[in-house]
Every structure is written in structure tokens, then in C-alpha cells.
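Q: Sharing a structure with you now.
Read-outs throughout are calculated quantities, based only on the coordinates presented, and are distinct from any laboratory measurement. Model, not experiment: these values are computed from the prediction. Here the Cβ is made from the backbone with ideal geometry for all residues, glycine too, and neighbour counts use every protein chain on show.
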Amino acid sequence: MKSVYPYPILFGDVDLDVLSITVDGTSPLPYSHVSKPERTVALHQSGRENWEYCTLRLRATLPEPEIAAGEWTDLVCLAALTEKATNARTTARLKRSADGAWSGSIDLHRSRHLNRATLGLTVVATCDGVEGRAIGTTAQDWYVDLKGATPVRQREIEIVEADFREGPEAWLRPYKDSLWIIETTGEVPRVYLNTGSVDGFVDMLGGNGGTTAEKLLRDMTSGQIAQDAWTAMFHTAISDLDVDEDGTPVMPTGWRESVLRMMLPDVLPGRQLTDALYDIEERRTKGFGWAELQTTVQYAAGKRSQITKKLTNAVRSVDAAERSATR
């Protein structure tokens, strides 16, 4: 999401590439752990189990004709590695090379990070006599995944089977009467299925065959779980938004970004993402219109989980079965 600035900024694209990675200064990371299309680096199974830091060699490209024609001075390309879970932030300046590209490196120290770091680039300059103004950023940041062995940007929701009543995870015991719960505080959302609830519940969800009634029950249950998951993920995604210097909410990263980009057009139809994010943050923090918005949140979650389609198929199947039985 691009914010509106009260001064000139770059219109052209600002791009950032990870050229290579070395671990502890000596061991090169296989380039199969780096995906440019996914803009993700996977550091797990890097070849050294107890590594301390890795160095990422970077190359940035800026819209040079626009920079040359602009009125900016003291231009700086600043790469930043951040992780919200640990409040870690590391920055490095890139230097301009003879071919016009900007090159440099940045170190990621393992002790300062937990799961996934975000690597982005900000172009800073003196503009209208004011130093340190951001005039451009990468449209899409990189992820540096400490626990991933494959450089995949979008992680899937994890399904965890656990006994809420007698299992080893004590925090699940207050939910012992629930068939499932959704947990969205981690780096990857998780759906916990209660193996200690109804006999055969988990087996039914994981099955493929069965009678028509069993298939309908499986479809309806999985649809309801999906709707609950979309609703929980949406509320988590908007519950802790960062804001920029003028108070405008900033689109989060990771799965939270994906959830908002998919659901906001249905939650607030007809709005640009920037406007929708600002509107929904204002409603949430100030309270007005928030309760009314829950109807469209429910609608958007149902649309993503296809609950209407599954319910329609179930009703038609039951109706057809009853008609057949009465003939």
C-alpha cells in the first residue's frame, strides 16, 4: 500500500534483489534456498545447524531518469531487516556502482530473530529542504524465513490434531468442549481439531469416501471451520496495524497482508485498499460503525470459505433424497 505524501516522491519502481548469501562468513547458501518470484529466503537446513549470522548481498535498482530529473539531494538507499515478533531492526546503506545500480550487504544475526524477518528498501533524500524524507520504497518486501527449508512466500494454515481435555498442551483445556479452535497469534495460523471431543470427528474430517450423509457432514463442517478461520484471521490482521508518520495505517506483511487483500474488497466494496484500510482502522479504534461492519466481515469470510455453495449443495442433496424416498 502506498501512502500519500505532502512532497514529491518517486513514481517509478524501486526493486531489490538478493544476489547471494553466506553463512557465518564462509559457507555459501545454495541458491535453491532463494526464490526471486516468491521474494523469499529459506534459512532452515542451510548446511550449518548452529550458525550465528548470515550475510545477504543485495542489489537495488531505482528509476534513474526520474532521480536525475528530480529536485532531491543527499539520496540514500537504506535496506532494513525487521521482525515484529522480536522488535529487531538492522539497517545497511547501499552504495551506487558505476552501472547505476545500488549494491551492498546486510547481516542477519540469528540471536535477534525468531521466525521470519522482513527485508525492505527505502529511498531517503533531502526534499524541499527537509532531510531524511522517504521518497520511495519497494512495492513488495522480501521474507527471510529462519524455519523454512523451502523459499515459499505464502505459508498455509496448519492443521493440528490435539486432545483438548487430556493432551500435553495445557492451554487448550479451557476449550475442552469445543470441536475446534483457531489460533492466529503465531507466524502461521493454526486450526486445532479436538480429538477428545466427539468419537470419529477427526477421522470424518480427514476421510474421502462414505455415504452421502457423511460427505455432506464433512463438507459443511469443513466449510464452517474455514469460515471461522477467515473471520479470526481478519480480526487479527487489523488488530495491530502499524501507522506511518502521518498516522496512515500501513498494510501488514505475511499472511495478514494476504487476508486483508482478499477480504477488504468484500468487507468495504468499492473502496481502494488504502482507503478501506484507513476506514476500517478508524472504525475499530473509534468504535463508530464497527458493530455494523461485522455483517460484511461474516459475508466476506463466508465467501472465501464457500459456505453458501456447500450449504446449497447439502440442502439440494437432502431434498433429492427425501423426494426419492417418497416415490
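Q: So what is the relative contact order for region 158-321, in percent, with contacts set as C-alpha pairs under 8 Å and at least six apart?
A: 19 percent
Q: Then there's this: Would you list Arg39, Arg48 from fewest to most Cβ contacts within 10 Å?
A: By the 10 Å Cβ count, ascending, the order reads Arg48, Arg39.
Q: From the cross-link list Lys36/Lys84; Lys176/Lys215; Lys176/Lys303; Lys84/Lys215; Lys84/Lys286, which pairs have alpha carbons spaced over 32 Å apart?
A: From the list (Lys36/Lys84; Lys176/Lys215; Lys176/Lys303; Lys84/Lys215; Lys84/Lys286), the Cα-Cα distance tops 32 Å for Lys84/Lys215.
Q: Quick check on region 158-321: take the gyration tensor over C-alpha atoms, sort the square-rooted eigenvalues as a ≥ b ≥ c, and tell me if it's rounded (a/c under 1.5), prolate or oblate.
A: Oblate shape, in that a/c is at least 1.5 and b/c is the bigger or equal ratio.
Q: Could you tell me the calculated FRET efficiency between Glu158 and Glu257, based on Cβ-Cβ distance and R0 = 22 angstrom, to the nearest 0.05?
A: That pair, Glu158 with Glu257, gives E of 0.75.
Q: Given Cys77, Phe201, Val124, which one lies farthest toward the positive end of the charge dipole of the chain, if we put +1 on the Cβ of every Lys and Arg and -1 on the Cβ of every Asp and Glu?
A: Phe201
Q: Among DSSP beta bridges lying fully in region 131-265, give the percent that are antiparallel, nearest 5.
A: 50 percent
Q: Also: Where does the charge balance sit around Glu281 when Lys and Arg score +1, Asp and Glu -1, over other residues with C-beta under 14 Å from its C-beta?
A: Surrounding charge for Glu281 is -2.
Q: What ranking of Cys127, Cys54 emerges when the number of other C-beta atoms within 10 Å of each C-beta is taken as an exposure proxy, fewest first?
A: Ordered by Cβ neighbours within 10 Å, fewest first: Cys127, Cys54.
Q: Helix 273-286 versus the longest principal axis of the chain: what is the Cα-based angle in degrees, 0 to 90, to the nearest 10?
A: The answer is roughly 70 degrees.
Q: Please identify every one of the GluC sites (Glu not before Pro) in region 91-185 that sits in a loop by DSSP and has no more than 14 other beta carbons within 10 Å of its own beta carbon.
A: Glu156, Glu166, Glu169
Q: Out of residues 5 or more away from Thr40 or on other chains, whose amide H comes under 5 Å of its own, with H placed 1.01 Å from N in the peptide plane?
A: Under 5 Å from the amide H of Thr40 lie the amide H atoms of Ser35, Tyr143, each far enough along the sequence or on another chain.
Q: Now for a different question. Using helices alone, what [θ] at 222 nm do you get for the chain, with -39,500 (n - 2.57) per DSSP H run of 4 or more residues, divided over all residues and rounded to the nearest 500?
A: -10500 deg cm²/dmol
Q: HN-Hα J couplings of region 166-181 from phi, Karplus 6.51/-1.76/1.60, θ = phi - 60°, integer Hz, Gly and Pro as x?
A: For region 166-181, the Karplus curve yields 10, x, x, 8, 5, 5, 7, 4, x, 9, 4, 8, 8, 6, 7, 9 Hz.
Q: Rounding to the nearest 20 debye, state how big the charge dipole of the chain is about its Cα centre with +1 on each Lys and Arg Cβ and -1 on each Asp and Glu Cβ.
A: It comes to approximately 700 debye.
Q: Right, something else. What net charge is computed for the residues neighbouring Glu166, neighbours being all others with C-beta under 12 Å from the C-beta of Glu166, Lys and Arg scored +1, Asp and Glu -1?
A: +1
Q: How far, in nm, would the chain grow between Asp240 and Gln298 when pulled straight, counting 0.36 nm per residue and subtracting the alpha carbon separation?
A: That works out to 18.9 nm of additional length.
Q: Right, something else. Calculate the dipole size of region 118-213 relative to its Cα centre from +1 charges on Lys and Arg beta carbons and -1 charges on Asp and Glu beta carbons; express the result in debye to the nearest 20.
A: Its charge dipole is roughly 140 debye.
Q: OK, next. Can you list the HN-Hα couplings for region 240-256, worked out from phi with the Karplus curve (6.51, -1.76, 1.60; θ = phi - 60°), rounded to whole Hz and with x for Gly and Pro?
A: Per-residue couplings from phi come out as 9, 7, 6, 10, 8, 5, 9, x, 7, x, 9, 4, x, 10, x, 5, 4 Hz.
Q: Stretched out fully, how many nm does the piece from Val250 to Thr211 gain, at 0.36 nm a residue minus the Cα gap?
A: 9.2 nm
Q: Let me check against my output: what whole-number percent is the relative contact order of the chain, with C-alpha pairs under 8 Å and at least 6 apart?
A: 14 percent
Q: List every residue whose amide H lies under 5 Å from the amide H of Ser20, counting only residues 5 or more places away in sequence or on a different chain, with H placed 1.01 Å from N in the peptide plane.
A: Long-range HN contacts for Ser20: Arg57.
Q: By DSSP, what percent of the beta bridges with both residues in the chain are antiparallel, rounded to the nearest 5?
A: In the chain, DSSP labels about 85 percent of beta bridges as antiparallel.
Q: Right, something else. Charges at C-beta only: +1 for Lys and Arg, -1 for Asp and Glu. How large is the resulting dipole of region 158-321 about its Cα centre, in Debye rounded to 20?
A: 700 debye
Q: Name the chymotrypsin sites (Phe, Trp or Tyr not before Pro) in region 197-288 that are in a loop by DSSP and that have at most 12 other C-beta atoms within 10 Å, would you?
A: Within region 197-288, the qualifying chymotrypsin sites (Phe, Trp or Tyr not before Pro) (loop, at most 12 other Cβ atoms within 10 Å) are Phe288.
Q: Could you give the nm distance between label points at Ser103 and Asp15, where each point is 7 Å from its Cα heading toward the beta carbon?
A: Result for the modelled spin labels: 1.7 nm.
Q: Normalised by the number of residues in region 136-194, what is the relative contact order in percent for Cα pairs under 8 Å and 6+ residues apart?
A: After rounding, I find 33 percent.
Q: Residue-wise, which Karplus ³J(HN,Hα) couplings in Hz belong to region 58-73, taking 6.51 cos²θ - 1.76 cosθ + 1.60, θ = phi - 60°, and x for glycine or proline?
A: The phi angles translate into 10, 9, 10, 10, 10, x, 4, x, 5, 5, 5, 8, x, 9, 7, 9 Hz.
Q: Subtracting the Cα-Cα distance from 0.36 nm times the residue separation, let me have the gained length for Trp171 to Phe201 in nm, one decimal.
A: Working it through step by step, the gained length comes to 8.7 nm.
Q: While we're looking at this one, here's another question. When Rg and Dmax of the Cα atoms in Å is calculated directly from the model, which label among (i) 19.0, 58; (ii) 20.7, 71; (iii) 24.3, 86 fits?
A: (iii)
Q: Can you quote the Å³ per residue value for the convex hull of the Cα atoms in region 57-138, rounded to an integer?
A: In region 57-138, the Cα hull volume divided by residue count equals 92 Å³.
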